[in-house]
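Shown next, in structure tokens, is the structure this report addresses.
What follows draws every value from the coordinates through simple rules; no lab data is involved. Note that the structure is predicted; figures quoted are calculated from it, not measured. Please note: Cβ atoms are built from the backbone with ideal geometry, for glycine as well, and neighbour counts cover all protein chains shown.
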Amino acid sequence: MMTRKLPIIAVATASGKGGVGVIRISGPDLAELTTILLQKSLEPRQAKLLSFRDADGSVIDQLIAIYFIGPASFTGEDVLELQCHGGPHLLALVMKRCLELGKDKGLVIAEPGEFTLRAYLNDKIDLAQAEAIADLIDAQSEAAVRGAARSLQGAFSADVDGLIEEITQLRILVESTLDFPEEEIEFLENAQAKQRLQAVSAKLSSLRENAKQGKLLRDGVQLVLAGAPNVGKSSLLNRLAGEEVAIVTPIAGTTRDRIKESIHIDGIPMHIIDTAGLRETDDLVESKGIERSWEAIRLADLVIFLKDPNSNQTDELIDGDLKSQILKELPPKCPVLEVINKADLLAPELKKTAHEETLFISAKTGEGVDGLKRKILEIIGWSGSQEGAILARRRHLDCLERAAEHLKKSEVFAANGNISLELFAEELRLAQDHLGQITGKLLPDDLLGKIFSQFCIGK
Ligand code: GDP
Ligand code: ZN
């Protein structure tokens, strides 16, 4: 990961038009560069309205400039913010002129995530907080915003640091007894090592639960909707989408996936693959979409097989052998939920004789759809509470899981009659290492580059 000291510049606001567009510059010392760019020096933290001029002296924009002296800034370096009018061509012109003027001072365009990386490297935020910035900006729901905000304010990091601290105390205890083997067991008993270890494990598992909920909020689930033609898949999709469909309209500039629809149920993003779109096609764009759908099926969290008992079509008639093909591609242990649609056409007696677990719905009238939603949430393990959920990533869950495994092993060593203090201490250390990777205290080098390269430019 490059860690350069040059001043960097980028447009910080979204591309496209807007009332205001912000250009951000960060560097170890921007005093001289500021004077070069703006033809005057600025009082720190005071908004200054001024004219920004092109090489020929003509005014490009009237803008507001604010100068922050490091370390009291976002990146921890000096930061200059230029609040221009928000037109893409205007911002490009201001950027171009800045780069010309700042060339001798080494001013360069920022890499993706470089502002946040500098904030991280200058200890303004830890790694989990840096990730929370990206997640906050990318958040797909209000609940996701709240979860990311909690992480950014350090709630997640504080919990992780608290665990690390408690494990450190335990390690100090254990390692200080290593030199006195004959007193080991007694010593640990007196210090209640086992109880303390159990308390740490309990805290870790509740943190894991919160993080799992947060991962659901952040990433949602892949839900495959399958069934024979005309069983009502599209109708159910529309019904589930309900009024939320407006929120999921595609972001400008991206084309909407034909057969993948994203909706929210109780704030959880559901990425639904309608298998009706999986038919063979000669259309190149469509076949790309189909390939992506098969990829999604391989990652499915849940499959719903929709049936229409009023039709004489059997499951196997789902587009020939599509059902067996889908079942074959599903990840191991992927839950499969069978749902009977068009219940409005069914005789009530028939519903009574069915197995009590059978889900009857009507995409047409909405009957049973709330029950279906509840069932979906239950299967994916959503607790129904957004409180305390931390917007966690796969990476965080992996670290928490590894840490829990090592703690468990250490418990075994501690519980053993012929206790091995060395192994006990080693497992504690490993648990601590994995926790430290969450906040970045202990991080393999290549990981840092991977994490920050996923940011877009200007962050
Ligand atoms: P798909 O091919 O599986 O996507 O099925 P559609 O959603 O296109 O529905 C096929 C037909 O069944 C349409 O005429 C729908 O109006 C009808 N339909 C869908 N769901 C219901 C339902 O719950 N009750 C009734 N009576 N008709 C339904
Ligand atoms: Zn490990």
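Stretched out fully, how many nm does the piece from residue 230 to residue 62 gain, at 0.36 nm a residue minus the Cα gap? Don't skip to the answer; put the middle values down first.
Details: separation 168, 0.36 × 168 = 60.48 nm, distance 6.00 nm.
Extra length from residue 230 to residue 62 when fully extended: 54.5 nm.
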### Query
Per q in 0.16, 0.19, 0.23 1/Å, what log10 I(q)/I(0) does a Debye calculation on the alpha-carbon atoms of segment 8-125 return?
-0.70, -1.01, -1.48
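Within 10 Å of each residue's Cβ, count the other Cβ atoms and sort 270, 95 from fewest upward. Please report the intermediate quantities before stating the final value.
Details: 270 23, 95 17.
With the sparsest Cβ surroundings first, the list reads 95, 270.
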### Message
Per 0.36 nm of contour for each residue apart, how much would the distance between residue 456 and residue 17 grow if the chain were fully extended, relative to their Cα-Cα spacing?
### Response
156.3 nm
### Spin-label zone in segment 207-244 - amide nitrogen under 15 Å from a point set 7 Å from the Cα of residue 311 along the C-beta vector
225-237
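Work out, step by step, the length gained on full extension between residue 5 and residue 100: first 0.36 nm times the residue separation, then minus their alpha carbon distance; give nm to one decimal. Don't jump to the answer; show the numbers that get you there.
Details: separation 95, 0.36 × 95 = 34.20 nm, distance 1.87 nm.
Length gained between residue 5 and residue 100: 32.3 nm.
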#### Entry: Computed magnitude of the charge dipole of the chain (debye, nearest 20; Cβ of K, R +1, Cβ of D, E -1)
1400 debye
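Could you list the GluC sites (Glu not before Pro) in segment 318-362 that lie in coil according to DSSP, counting only those with at most 14 other Cβ atoms within 10 Å of their Cβ?
Details: sites: 329, 338, 349, 356, 357; in loops: 356, 357.
Here the sparse-neighbourhood loop sites are 356, 357.
Please order 382, 294 by the number of other Cβ within 10 Å, starting at the fewest. Before the final figure, lay out each step's value.
Details: 382 21, 294 14.
Least to most surrounded, the residues fall as 294, 382.
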#### Entry: Among 47, 152, 371 - extreme Cα towards positive end, dipole of the chain, charges at beta-carbon
47
## Note on the structure
Here the net charge surrounding residue 4, from other residues whose Cβ is less than 12 Å away from its Cβ (Lys, Arg +1; Asp, Glu -1), is -1
### Summary
Output for the chain (equivalent-ellipsoid semi-axes, sqrt of 5λ from the C-alpha gyration tensor, Å, descending) is 46, 39, 17
### Message
List the residues, sorted by chain then number, that are 5 or more residues from residue 272 or on another chain and whose placed amide H is less than 5 Å from its amide H.
### Response
223, 261, 262, 263
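When the expected Rg is taken as 2.2 N^0.38 Å, what fraction or multiple of it is the alpha-carbon Rg of segment 345-459? It would help to have the intermediate numbers written out before the result.
Details: Rg = 24.1 Å, N = 115, 2.2 N^0.38 = 13.4 Å.
Taking N as the residue count of segment 345-459, the ratio is 1.81.
Can you compute the FRET efficiency between residue 31 and residue 402 using 1/(1 + (r/R0)^6), with r the Cβ-Cβ distance and R0 = 60 Å? Round to the nearest 0.05. Could the numbers behind the result be given before it?
Values: r = 46 Å, r/R0 = 0.77.
Once the sixth-power term is evaluated, E becomes 0.85.
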### Query
If we sort 118-131, 194-207 on the protection proxy, mean other Cβ atoms within 10 Å, highest first, what's the order?
118-131, 194-207
#### Entry: Residue exposure sequence - 455, 115 - by fewest surrounding Cβ within 10 Å
455, 115
